[in-house]
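Take a look at the structure below.
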Amino acid sequence: MAMNIFITGGAGYIGSHTVKLLQKLGHRITVFDNFEFGHREALPTNVHVIRGDLRRKDDVVRALTANPADAVIHFASYIEAGDSMRDPGRFYENNVGGSLNLLSAMLATKTRVIVFSSSAAIYGDPKVIPITENAPKEPTNVYGHTKLIVEEMLHWYHRIHEVRAVSLRYFNAVGCDPEGELGLDHEPETHLIPVALKVALGLRPALEIFGNDYGTPDGTAIRDYVHVTDLAHAHRLALESLASGKETFNAFNLGSETGFSVGQVAKEVILVTGREIPMVVKPRRAGDPEKLIANSAKAREVLGWQPKYSDLRTIIETAWRWHSQHPYGYRNAR
Ligand SMILES: NC(=O)c1ccc[n+]([C@@H]2O[C@H](COP(=O)([O-])OP(=O)(O)OC[C@H]3O[C@@H](n4cnc5c(N)ncnc54)[C@H](O)[C@@H]3O)[C@@H](O)[C@H]2O)c1
């Protein structure tokens, strides 16, 4: 059944891929974004867009009142964990304060369904791999703490106000639209694969490897990479399960359940691009765990999620296609 869906941060990386999928399925979308990091070019021309800031409660109350929604998907937040350790207040204000304003607007408009972008960062440095949803939640940075606080707020809004909520805990979101229309345009870019591709394009001098003395086979840190289009599909499934009443409150890990080291990813980038990737080893970054790998059995079993694009080769091929055609991002396509 077609729904009216209000999407915060829909002009960002994961948001825009999700907007594309949901619009194709016939849902009516309103994107709410301040465009600090989002791109109008990443959205279909016929999608309804509202420029507003979640930190201004009036903006979001007005937008949701004018566009009554069956459900909200909440992507908008700051995402750089390193920045969160330099300027925590900015992160609490945007990620927690902005979410509180959104929840107030939802109550004011009797909107009761929300899918929230949470993160593997809520687990911190895990004791047990792979990580299940019940693992201890001990974030090692402020960014992860903001996500945990919002999950806990959702718990209380569920109990007190009957808000139905699913938190999706993404591991490392990577890759680009398999049809080549959408990509990743973060400035500054800090994520491994897009940075490696910029090095391959000659736009950066070298790939920095943060630590080669971890207890892993090649000494570099291991992460779980999940394709952005697979994440988009998980949002669709979460929305459907909330809309049908099958789910009322839940949280799911979304990862490929496979770990690759930084060194393995760099090798694959060299293979796919056929280019040189000069590398420099730097000290470990504070708070960077050795190994993060998801157990996503719950998402597969309860939501019926089946990742299709999350193998490393497809991830890097789809990303390379977009980055090589848009070396300077959305505004400067080749
Ligand atoms: N990228 C990842 O690997 C990853 C991993 C785990 C979780 N997440 C979460 O997924 C969500 C989306 O991440 P992304 O990589 O697409 O980030 P992104 O920066 O590309 O998208 C975030 C969007 O939110 C908008 N925004 C931020 N603050 C806003 C505000 N106050 N008002 C209105 N709009 C605002 C930005 O302009 C941007 O378009 C975030 O909540 C992030 O924490 C991302």
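Just so it is clear, none of the values below were taken in a lab; they were calculated from the coordinates. Worth saying up front: this structure is predicted, and the values here are computed from it rather than measured. Cβ placement follows ideal geometry from the backbone for every residue including glycine, while neighbour counts extend to all protein chains displayed.
When peptides 248-259, 287-298 are ranked by their average number of other Cβ atoms within 10 Å per residue, the highest-first order is 248-259, 287-298. Set against the 2.2 N^0.38 Å expectation for a compact globular protein, the stretch 267-334 has a Cα radius of gyration ratio of 1.53.
When DSSP assigns beta bridges and you keep just the ones with both residues in the chain, what percent turn out antiparallel, to the nearest 5?
In the chain, DSSP labels about 5 percent of beta bridges as antiparallel.
Here the stretch 136-288 is described by how far its Cα atoms reach on the three principal axes: 54, 37, 29 Å, from widest to narrowest.
In whole Å and largest first, what semi-axes does the C-alpha gyration tensor of the chain yield when each eigenvalue is scaled by 5 and square-rooted? Walk me through the numbers on the way to the answer.
On the way: eigenvalues 192, 100, 69 Å².
So the equivalent ellipsoid measures 31, 22, 19 Å along its semi-axes.
Cross-link check: pairs Lys246/Lys298; Lys137/Lys291; Lys246/Lys308; Lys24/Lys147; Lys57/Lys110; Lys137/Lys298 evaluated at a Cα-Cα cut-off of 19 Å; pairs beyond the cut-off: Lys246/Lys308; Lys24/Lys147. Which angle from 0 to 90°, rounded to the nearest 10, does the C-alpha axis of helix 262-273 make with the longest principal axis of the chain? The helix 262-273 is inclined about 80 degrees to the chain. Taking the number of Cβ atoms within 10 Å of each Cβ as an exposure proxy, the fewest-first ranking of Ile29, Ile114, Ile50 is Ile50, Ile29, Ile114.
As a calculated quantity, the FRET efficiency between Leu25 and Arg313 at R0 = 41 Å, using C-beta atoms, amounts to about 0.90.
Give me Ser324, Ser244, Ser261, Ser16 sorted ascending by neighbouring Cβ count inside 10 Å, so fewest comes first. Don't jump to the answer; show the numbers that get you there.
Numbers: Ser324 14, Ser244 9, Ser261 20, Ser16 32.
Ranking Ser324, Ser244, Ser261, Ser16 by Cβ neighbours within 10 Å, fewest first, gives Ser244, Ser324, Ser261, Ser16.
On the basis of the beta-carbon distance and an R0 of 30 Å, Thr65 and Glu181 show a calculated FRET efficiency of 0.40. Between 0 and 90 degrees, the angle of helix 13-24 with respect to the longest Cα principal axis of the chain falls at about 60 degrees.
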